[in-house]
Amino acid sequence: MQEATVQVGITDYLFWVALPYTVLTIFVLGHIYRYATDPMSWTSKSSELLEKKLLRFGSMPFHYGIILVLLGHFIGLIIPKAVHEAFGLSDHVYHIIAVTGGLFAGFLTLLGLIVLTYRRFAVKRVLANSSAGDIVVLVLLLLVVLAGLTATLSNLGGSFDYRDTIAPWLRGILTLRPDPTLMANVPIIFKLHIFLVMLLLAVWPFTRLVHVLSFPIVFLRRSRVIFRRRCGDMA
Ligand code: HEM
């Protein structure tokens, strides 16, 4: 039996080949440029001194949520479906775990983002110290997370399997074997989510988000914590 061929046009090549590579180039070169020209601006620009309480209520759920979301994305998009199957994970069980875990993590992230956005606009001192970049990052993150959650909610029945389409497309981009046909029949809300992620990645190096890349390095290079017994405890 002959396989049905998927028709792709110039728009598919623009959105799912040219745009991702343009964005990845901006992301890498942008970080290098920023570090080379303005290393002192490489910071998360903490506004903790201006307001603490709302920051804690927003920052904690946002950071825990987004770490879980990205862990879920790694399992679902970077690890191939064949590996899930080799571990005995049926489509049905995978889908239930992905949806429950994804929605929990996604709503935790959204809750944090709502508090952080409210804080940025409602606390005058924070707003006065905000750059255009700070606002753009918050708005884009909100849109990315809202589109992601809508995509998950629109596919509760699991009729669309992104592990056969979006996941191999993403791995193809990262391994320099792009295949836009994989994205051709993806539902529009998933496409919108990924498009918004690309916008976010394009502005990333020019915003406070640069701290995400340096955090693991600082964490690994920080000085050791040395525990010593008090002399009296030696006996
Ligand atoms: C900054 C990066 C990203 C953020 C913050 C983000 C956020 C989210 C959130 C909050 C959800 C809903 C909850 C969940 O299922 O986890 C979601 C779902 C999803 N995202 Fe993303 N995402 C990002 C990048 C990407 C990328 C690069 C892709 C693919 C190329 C992608 C594809 C998906 C898919 C397929 C779903 C549906 C998952 C499901 O229903 O199980 N996301 N995203």
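FYI, it's all coordinate maths here, none of it is from the lab. Just so it is clear, the structure is predicted and the values come from calculations on it, not from any experiment. Methodologically, a virtual Cβ is constructed for each residue, glycine included, from the backbone with ideal geometry; neighbour enumeration extends over all protein chains shown.
Packing order of peptides 46-53, 133-140, highest average first: 133-140, 46-53 (average count of other Cβ atoms within 10 Å over each peptide's residues). Subtracting the Cα-Cα distance of Leu19 and Ala184 from their residue separation scaled by 0.36 nm leaves 57.9 nm. Principal axis extents of the C-alpha atoms in the chain (largest first, rounded to whole Å): 80, 52, 35.
For the chain, a simple Cβ point-charge model (Lys and Arg +1, Asp and Glu -1, everything else neutral) yields a dipole of about 1480 debye relative to the Cα centre. Candidate cross-link partners of Lys124 among the lysines, defined by an alpha-carbon separation under 27 Å and a same-chain spacing of 8 or more, comprise Lys45, Lys52, Lys53. If you run the Gaussian network model on the chain, springs between alpha carbon atoms under 10 Å, then out of Leu54, Leu113, Leu201 the most flexible one is Leu54. Listed by chain and number, the aspartates and glutamates whose C-alpha is less than 17 Å from the C-alpha of Lys191, apart from same-chain residues fewer than 8 away, are Asp12, Asp161, Asp164, Asp179. Taking 0.36 nm per residue of sequence separation and removing the Cα-Cα distance, the Leu111/Val93 pair yields an extension gain of 3.8 nm.
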